[in-house]
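Report on one structure; see the data block that follows.
The values are calculated or read from the model by the stated rules, or taken from the named source; none is laboratory data. Being a predicted model, the structure only gives us computed values, none of them experimental. Neighbour counts run over all protein chains shown; Cβ positions are idealised from the backbone, glycine included. Surface areas here come from the heavy atoms of the whole protein model, side chains and all, with no ligands, DNA or RNA. Shrake-Rupley method; radii C 1.70, N 1.55, O 1.52, S 1.80 Å.
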Amino acid sequence: MSVSHSHSAETHAHHELSFLRKYIFSEDHKIIGIQFLFSGLIFFLIGGTLALLVRLQVGFPKGVNLPWFPISWGGRMSPDFYAMAFSMHATIMIFFVIIPLLTGAFGNFTIPLMIGAKDMAFPKLNMMSYWFMWPAFAVILSSFFVEGGAGASGWTSYPLLASATMPAGEGFHSPASPHSGYGQICWLVALLFVGVSSMMGSINYMTTIINLRAPGMTMFRMPMTVWAMFITAILQSMALPVLTVALILQLLDKTINTTFFLPPGGAAFGNWHTGPGGGQTLLWQHLFWFYSHPAVYIMILPAMGMVSDIISTFARKHLFGYKPMVLAIAGIAGLGFIVWGHHMFQSGMDPRLGTGFMIATIMIALPSAVKTFNWLGTVWGANIQYTTAMLNALAFVAMFVIGGLSGIFMAATPVDVYFHDTYFIVAHIHYVLFMSSIFGIFGGIYYWFPKMFGRLMNEKWGKIHFALTFLFSNCTFFPMHIIGIAGHPRRYYDSTLYRFLDNVQPLNQFMTISAFLLALVQIIFLVNFFWSLFRGAKAGMNPWRSNTLEWTAPSPPPHGNFIQTPIVRRGPYEYGNPEAEEDYLPQAEPQPSGVPAPAH
Amino acid sequence: MQHKGWGIFFGVVLLVSFLSIAVGPWVGWWLPANVSTFGPDVDYLYYVILGFTTFFFILTEVLLVWAMYRFVGRPGAKSQYIEGHHRLEMLWTIVPGGILLYIAIAQISAWEKIKYQAKMPDPDLVMQITARQWDWTMRYADTPKPTDPRAWAEIPNSDDIYLPDELHCWKGANVRIYLKTQDVLHSLFLPQLRLKQDALPGKTIPVWFNATDFNTRFNASTGACETDKSKEWEIACAELCGGGHYRMRGLLYVHETKDDYLNWLKHAQQAARSRQPEKKTTPVAAKD
């Protein structure tokens, strides 16, 4: 390594700031990223706890006789409580964990460092994007304590279950569900704040990537992580306004009795009639999925980028097919805008429209397949180093194959007639979002932890955590495919009422026990994380012998990141180059003798 | 742990997962036996997709596990230096692309058959179902086929029979259901018929099926339907509709013949008339 600088230069760009400005109201992209990381991990615990409650009910619907179990009504939670638990589990995991972790934490931390910038283009906007999450945190957490409890209409909040409201003057109660009153209003308000936060982030990421790349960092020398974050930011900025509109419309329906989602004939709850409306329930589904289908890609593309970088680093091998990989991400993002209707095949939408959405949806499997083959191409002929980060990244690939392939069943309209809203879709979404995105996030944490905090996480405990997580998560989620094939509907409080599900109920119990074990082994991660924060081995500048620019900055990098602005001389994947002395050749390394200058 | 164990570990977990699905048909973890005319189309397409996805699952996972096992890093060694391979990229874009396009096109005719209104067969039996929190109201006309089914479905008639959660028809009948909801979204799901359709507030959605097997005979002397316990065909709700979503359970009674159905219908009419005519909350008149 030739990048060595005098130690005094490290503090060059570092201004002494008060604790409050440095760690709380920080404008430093790295601190903001770490703030997103910590709040995301805290919400991961909350979302995970809710998941355990859901699994407890599904696995043991007649109740469990645990006298010490706190939330129990005679050993059994109520159906409404159960509906709240799965609705809030999904809401928190999607809007408060995965999106903030991938774009907020890793996007913030990696983008400026990987393109050689001092910070984001708009540091104040960046700070605001994090602090706009706080009203969302406050509102979503307090919604558990409002009258009726938190929202229980699923994370999709379909009208009329979510939107039906008593006439003006009778408070915000709902005739459809006790949870659809104040709890649902909190849900809508919280998501509005999350949306504003994400929008500020997206604008910042795009501007930063377009304008602040270091000299020599052409677009096609950017690491896959940056490409993925860039395309995700575009996706987010185009889809979010539509979600915002939908949220506001439902908020108006709930608060001032507009009828955007109430049909002309109104609706009757028992003997009480809402009176006529003037809208359409399907309108919500179109608006919601126009955002939320791209959101599925927002929740996977950054992980794909991170995993590509991690795999190339620890395979010690050039990423196979860099440009096809970039094109595949762009392809997924582009096609991602015309596939939302596949959530609505059985919704009563004109089935002819379903045919069009089906073809687009099935074709979106193609760029995903291209990415998978390129990852395989990257590990083929590699010199693999099994670090914890690498194992998590490889698990991403192995599990994304399953999640990708299982999606085709629901994309095919006639097959979806049977599979729609069964546990098969629950299996699919967890293979994509837990088994893929979360393994990507774990990989990213193990990989960038030394850059974030200057210390390495413990590898031995990291691997134990990985192995047990991989095992128990498969035990938890794989049987969901099987009970889905048997026709088990999702969101059922008690499936033992149904004879056709008798055979698969033991699998439900197996999954529940596995889920508790899966949660238990996450303690290993938490202990390792906090122990390493203070006691981990010092990392040094480039512990993984990696090529990308962040590893030429000190660990952790000071405010302003680089001691001197790096000059980029090549792409990010020069591993195993036979002309180079070492098995890696960093992007900013001056040209070694014998290596021809790259053509691009 | 720079050794081959990780490849083996991945391989074992993936193999056990695969086997747990593969044994499904033999241990009752599989699609319930189909009893509808379009069911075989759905099942066939399911097996087509299952075939392709199984092939690609095995192909990619075997390659991954093998690479993890084979290419364990050695200190001082270097990987192969390859930036990509144009022909390989073309191959693994065009081949899956062709397969996916085939899968997509193969779906179209079955989808049209099941859901397109214009392609639905002429009904032998017309009925109307209204979902609400949390049951199904099955409405039967006094004759299996009213002269104008669509108009009949929209306007309640005093001669109609309302039954909660019981769907009666006969084997071989083209059944047309006009599906409504009076409150929130629901979804009519009959697993054995491979049928699912959401009920949408304010809309009347036609649904059809034709059962290929029967499970019910009407016993005139007892006035009860005798159902084959081994063929209990259940109706479930597949769209979240509140706390009671899980208990919108109904049953499908397929009579052996039209006559048997008519006998049951006559009996049900008499039973309904002899009861004190209770004021039934009329389903909300839905207009498109």
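For the reader, a short list of remarks on this structure follows.
- Only helices enter this figure: runs of n ≥ 4 DSSP H residues, each worth -39500 (n - 2.57), summed and divided by the residues of chain A, yield -18000 deg cm²/dmol at 222 nm to the nearest 500.
- Distance violations [Cα-Cα > 18 Å] among A:323/A:371; B:113/B:196; A:317/A:460: A:317/A:460
- Database remark: amide H of residue B:136 closer than 5 angstrom to the amide H of B:165 (H placed geometrically; neighbours at sequence offset of 5 or more, or on other chains; Pro and chain starts carry no H).
- B versus A: buried accessible surface, summed, Å² (probe 1.4 Å, to nearest 100): 9300 Å²
- Cβ-Cβ distance of residue B:47 and residue B:91, R₀ of 22 Å, FRET efficiency by 1/(1 + (r/R0)^6): the value works out to about 0.25.
- Solvent accessible area, Å² - residue A:552, 1.4 Å probe, full protein context: 20 Å²
- Helical content of chain B, expressed as a calculated mean residue ellipticity at 222 nm, amounts to -12500 deg cm²/dmol (DSSP H runs of 4 or more residues, -39,500 (n - 2.57) each, divided by residue number, nearest 500).
- Modelled label reach - residue A:252, point 7 Å along Cα→Cβ, region A:106-141 residues with backbone N closer than 11 Å: none
- Accessible area, probe 1.4 Å, largest first, for residues B:168, A:342: A:342, B:168
- Cut-off under 5 Å, modelled amide H: who pairs with residue B:186 long-range: B:199
- Over region B:121-274, relative contact order from alpha-carbon pairs under 8 Å, at least 6 apart, %: 26 percent
- For region A:352-369, 3J(HN,Hα) computed residue by residue from phi via the Karplus equation (6.51, -1.76, 1.60; θ = phi - 60°) reads 5, 5, x, 4, x, 4, 4, 5, 4, 5, 5, 5, 6, 5, 5, x, 5, 5 Hz, glycine and proline entered as x.
- Once the Cα-Cα distance is subtracted from the 0.36 nm per residue extended length, the residue A:62 to residue A:581 segment shows a gain of 180.3 nm.
- Spin-label pair residue A:567-residue B:116: with each label point 7 Å from Cα along the Cα-Cβ axis, the two points sit 6.6 nm from one another.
- Stretchable slack from residue B:247 to residue B:66, in nm (0.36 nm times residue separation minus alpha-carbon distance): 60.4 nm
- Chain A - accessible surface per residue (Å², probe 1.4 Å): 31 Å²
- Angle of helix A:182-211 to the longest C-alpha principal axis of chain A, folded into 0 to 90 degrees and rounded to 10: 20°.
- Between the beta carbons of residue A:534 and residue A:22, assuming R0 = 22 Å, the FRET efficiency works out to 0.75 to the nearest 0.05.
- With DNA, RNA and ligands ignored, accessible area of residue B:275 (1.4 Å probe; Å², nearest 10): 120 Å²
- Protein heavy-atom surface of region A:118-273, 1.4 angstrom probe: 74% of the accessible area is carbon and sulfur, with nucleic acids and ligands not counted.
- FRET efficiency, residue B:15 to residue B:151 (Cβ-Cβ, R0 60 Å, nearest 0.05): 0.55
- Local electrostatic count at residue A:381 - Lys and Arg +1, Asp and Glu -1, tallied over other residues with Cβ under 11 Å: +4
- Percent of beta bridges antiparallel (DSSP, region B:121-274, rounded to nearest 5): 70 percent
- The listed residues A:311, A:567 rank as A:567, A:311 when sorted by accessible area, largest first, using a 1.4 Å probe.
- Relative contact order (percent, whole number), chain A, Cα cutoff 8 Å, 6+ residue spacing: 16 percent
- For region B:121-274, the carbon plus sulfur part of the accessible surface works out to 46%, probe radius 1.4 Å.
- Hits among lysines - C-alpha to C-alpha of residue A:124 under 21 Å, sequence gap 8 or more where chains match: A:22, A:30
- Delta accessible area of at least 50 Å² on complex formation, residues of region A:373-398, 1.4 Å probe, chain isolated as reference: A:373, A:376, A:380, A:381, A:383, A:384, A:386
- Computed with a 1.4 Å probe over protein heavy atoms only, the accessible surface of chain B comes to 45 Å² per residue.
- Within region B:259-274: backbone nitrogen closer than 20 Å to the residue B:226 label point (7 Å, Cα to C-beta): B:259-268
- Across region A:450-458, coupling constants 3J(HN,Hα) worked out from phi with the 6.51/-1.76/1.60 Karplus curve, θ = phi - 60°, read x, 6, 5, 10, x, 10, 8, 6, 5 Hz, and Gly and Pro carry x.
- For the segment A:502-508, counting C-beta atoms of other chains within 10 Å of every residue's C-beta and taking the mean gives 2.
- Subtracting the Cα-Cα distance of residue A:42 and residue A:527 from their residue separation scaled by 0.36 nm leaves 173.2 nm.
- Largest accessible area first, the residues B:258, A:451 order themselves as B:258, A:451 under a 1.4 Å probe with ligands, DNA and RNA left out.
- Spin-label model, residue A:122/residue A:353: points 7 Å from Cα along the beta carbon direction are separated by 3.4 nm.
- Summed side-chain charge close to residue B:40 - residues other than residue B:40 whose Cβ falls under 12 Å, Lys, Arg +1, Asp, Glu -1: 0
- Candidates per GluC sites (Glu not before Pro) in region B:38-105, loop by DSSP, up to 16 other Cβ within 10 Å: B:83
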